[in-house]
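A short write-up of the structure that comes next.
FYI, it's all coordinate maths here, none of it is from the lab. Only a predicted model underlies this, so the values are computations on that prediction, with no experimental measurement involved. Cβ placement follows ideal geometry from the backbone for every residue including glycine, while neighbour counts extend to all protein chains displayed.
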Amino acid sequence: MRRALCRLEDLEDPGSAVFVIDDPSGRRAMFVVRRGGDVFGYLNNCPHNGSPLDWRSGQFLDLDRRFIQCATHGARFRIDDGFCLGGPCAGKSLTPVPLRLTDGLVCLDEF
Ligand code: FES
């Protein structure tokens, strides 16, 4: 399955956005982080207790926009691989959602 979520240029750099997707296991919230020409996708569930991570709808980055930061208890995750560097779920990782850039569109890859 491949589905376009948005245009790369519609995302701030660095910045993030939230989406709801349908897959064989049902409807799920996920988010995209843009950094330069790269995009990274994860399910919007904190590994700590499953809460959504965003501060406001679509806002997932810390003040410096260097890390993903959970709004509930402050865990910080690397943008590149979703690994938690500090907080109550340190050492765990966000669940990746594979993305592909195609003609300037951010698309879901096989999922
Ligand atoms: S729910 Fe994310 S750090 Fe607790």
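Structural remarks
- Looking at the chain, the pairs of alpha carbons with a distance over 16 Å make up 53% of the total.
- The chain - charge dipole about Cα centre, Lys and Arg +1 at Cβ, Asp and Glu -1, debye rounded to 20: 260
- Pairs of Cα atoms nearer than 8 Å and 6+ residues apart set the relative contact order; for the chain it is 28 percent.
- Rounded to whole numbers, the Karplus 3J(HN,Hα) couplings from phi for segment 91-102 are x, 8, 9, 5, 8, x, 10, x, 10, 9, 8, 9 Hz, using 6.51 cos²θ - 1.76 cosθ + 1.60 with θ = phi - 60°, and x at Gly and Pro.
- Which of GLU12, GLU110 has the fewest Cβ neighbours within 10 Å, and the rest in rising order: GLU110, GLU12
- Listed residues SER57, SER25, SER16, most fluctuating in the chain (Gaussian network, C-alpha, under 10 Å): SER25
- Rounded to whole Hz, the Karplus (6.51, -1.76, 1.60) HN-Hα couplings of segment 67-77, x for glycine and proline: 9, 7, 10, 6, 6, 7, 10, x, 4, 10, 10
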